[in-house]
1. Taking H as built 1.01 Å from N, whose amide H comes closer than 5 Å to the amide H of Gly113, not counting residues under 5 places away?
2. Tell me, what is the FRET efficiency for Arg78 and Asn131 to the nearest 0.05, using R0 = 25 angstrom and their Cβ-Cβ distance as r?
3. What is the P(r) of segment 49-100, as percent of Cα-Cα pairs per 5 Å bin from 0?
4. Using only alpha carbon positions, build the gyration tensor of segment 18-129, then give the equivalent ellipsoid semi-axes as the square roots of 5 times its eigenvalues, largest first, whole angstrom.
5. Could you put Leu60, Leu42 in order, starting from the residue whose Cβ has the fewest other Cβ atoms within 10 Å?
Amino acid sequence: MKTTLCGLALIAALAACQSDNDAQLLPGQWQLERLTFSGRELRPSKNYILKLEPNQSASLRLDVNNCSGFYRAEQSGRIRFSQLGCTEACCDSEVAERWVQMLVGANAYDLQGCMLTIAGGIGMVELKRQN
């Protein structure tokens, strides 16, 4: 019985982390792992989350503030984000501010397993699927 349950759990995990640039696989919750901005690598000290919805809405959870907007992804690996509206309760870290700037300038994505890379002219981010 334990072997069957472990096997089912493994199959479910693999199904959730397919390797394909299928835009239909993008919706979900993604945690920022690494950000490269203007040639400088920045690592987050907190859990920054990007949530992509099937209706193409996008939201970000930063240090203090939250942002929302829209995205459009194509099967060819192209992605675009609208301007993101953010709350201004207090100050966010440099990583959080650069992440917002990078997403607005993004034009490409690459989905490999549970890792999503989003890139643009000023940098790239690597995110890990959370659900």
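1. Ser19, Asp20
2. Numbers: r = 24 Å, r/R0 = 0.96.
According to the calculation, E is roughly 0.55.
3. Over segment 49-100, the share of Cα pairs per 5 Å bin runs 5, 20, 29, 22, 13, 8, 3, 0 percent.
4. Its equivalent ellipsoid spans semi-axes of 21, 15, 13 Å.
5. In increasing order of surrounding Cβ atoms, one gets Leu42, Leu60.
Rule-based calculations on the coordinates, nothing more; no lab input. Everything quoted here is computed from the prediction, not taken from an experiment. Reconstructed Cβ throughout: ideal geometry from the backbone, glycine too, with neighbour counts over all protein chains shown.
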